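> Before we start, here is the structure in question, set down as structure tokens.
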Amino acid sequence: MNHIIEKLKEIESGEAGILIYSNLNREIECSYQKDLCIPLASAAKMVIGYCVARLVEENLYKWTDEIKAISFNPKEDSKELYPHFQNRNSLSLEDAVEVMIACHDSYIANHIVEFCGGWENVNQRIKSRFSKINVTENPRDLKNNGEMNQLLEVLKLIFEGYETRPEIWNPIINGLVRQRGEIEGIPHYHLNHMTGGLDNVVVDIGIMGEFSKKPFLYVLGAKELPNRFSEQHADEKIMDVLRILYEEYCNRVVPVEGS
């Protein structure tokens, strides 16, 4: 997939990296700057979701546990994606994790983390396996960051967990599936991802393709970019990269038995 790396290198300034894992071949097929540490912004919520799912898997919490005194971030899109939740003052842990991921909701993220022991506790649990990932209450904090290779490992564990124990990992996958962020040329149901961004940072972590047809898992990040509110060059190149990746997927898609 050298053409994907070459397209990413067309970003004129800053640093960028990509990792692509093939579920068909069970190996990383593309790796460029895999050790790059990137600010996560909202993409950290996927890591928080992973941590909570592990707590549920270990029977320390239940998805049906109730989080009280819920509030939604009015700057996010929960009103559009979850209009039926707006008058609720509590949510199950399961619903809260889905909303956090689908809507990038930092208020809900904080409710979840506090319910699960606080930010220090959650970070300790994450770092026990992923030493180069750190999450913070403020998603814009530059200490809210992670190395790309470890982010891919988190995504692999979520995807593989969903394949074997969907009852544990379903809330995270539901959030990825429901999240907005469509790219022209890629059907929305073939792009299930967690995005994050700052003025000079882009992060995109996701599942490319049908779940039943050996999708690609990818982590793509770029930092130290020109201000993205006035300069769209980097964003356009990243969308081009994802379109090329989708073409790669379509060229090797595995037919479902009987289809």
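> Which number in (1) out of contact with any Phe, Trp or Tyr (no Cβ under 7 Å at 6 or more places or on another chain); (2) assigned to a loop (DSSP other than H, G, I, E, B) marks the one condition that residue 114 misses?
If we test residue 114 against (1) out of contact with any Phe, Trp or Tyr (no Cβ under 7 Å at 6 or more places or on another chain); (2) assigned to a loop (DSSP other than H, G, I, E, B), just (2) comes out false.
> Would you mind stating whether residue 207 is in contact with a Phe, Trp or Tyr (Cβ under 9 Å, 6 or more places away or on another chain), closer than 20 Å to residue 23 by Cβ and among the aliphatic types (A, V, I, L, M)?
Against the criterion (in contact with a Phe, Trp or Tyr (Cβ under 9 Å, 6 or more places away or on another chain), closer than 20 Å to residue 23 by Cβ and among the aliphatic types (A, V, I, L, M)), residue 207 qualifies.
> Which strands (runs of 3 or more DSSP E) does the range 142-259 wholly contain that include 1 or more residues that are at pLDDT below 95?
Output list reads 191-198.
> For the range 170-204, name all the residues that are of a type in the set (D, E, K, R) and buried (at least 18 other Cβ atoms within 10 Å of the Cβ).
Residue satisfying the conditions is 204 alone.
> From the list 71, 78, exactly one residue is surrounded by 13 or more Cβ atoms within 10 Å (Cβ to Cβ), among the hydroxyl-bearing types (Ser, Thr, Tyr) and in contact (Cβ under 8 Å) with a residue 24 or more places away in the chain. Which is it?
Every option except 78 fails the conditions.
> Ok, one more. So in the range 12-28, with the set limited to residues that are of a type in the set (A, V, I, L, M, F, W, C) and touching a strand residue (DSSP E or B) at 6+ places or on another chain (Cβ under 6 Å), which one is surrounded by the most Cβ atoms within 10 Å (Cβ to Cβ)?
18
> Please state which of the following conditions residue 130 fails to meet, knowing it meets all the rest: (1) assigned to a helix (DSSP H, G or I); (2) within 20 Å of residue 151 (Cα to Cα).
(1)
> Starting from the range 137-155, keep only residues that are more than 14 Å from residue 203 (Cα to Cα), then list their pairs with residues that are among the β-branched types (Val, Ile, Thr) and surrounded by fewer than 20 Cβ atoms within 10 Å (Cβ to Cβ) whose Cβ atoms are within a distance under 7 Å, requiring at least 6 positions of separation or different chains.
143/136
> Run residue 167 past the list (1) in contact with a Ser or Thr (Cβ under 9 Å, 6 or more places away or on another chain); (2) surrounded by fewer than 21 Cβ atoms within 10 Å (Cβ to Cβ) and report the number of the one that doesn't hold.
Answer for residue 167: the failing condition is (1).
> So, in the range 222-245, how many residues would count as being touching a Leu at 6+ places or on another chain (Cβ under 6 Å) and within 21 Å of residue 142 (Cα to Cα)?
1
> Being surrounded by 18 or more Cβ atoms within 10 Å (Cβ to Cβ) and over 17 Å from residue 248 (Cβ atoms) is the filter here, so list the residues in the range 205-236 that pass it.
205, 221, 222, 223, 225, 234 - these are the residues of the range 205-236 that are surrounded by 18 or more Cβ atoms within 10 Å (Cβ to Cβ) and over 17 Å from residue 248 (Cβ atoms).
The values are calculated or read from the model by the stated rules, or taken from the named source; none is laboratory data. Since this is a predicted model, take the numbers as computed values, not measurements. Positions of Cβ are backbone-derived with ideal geometry, glycine not excepted, and every protein chain shown enters the neighbour counts.
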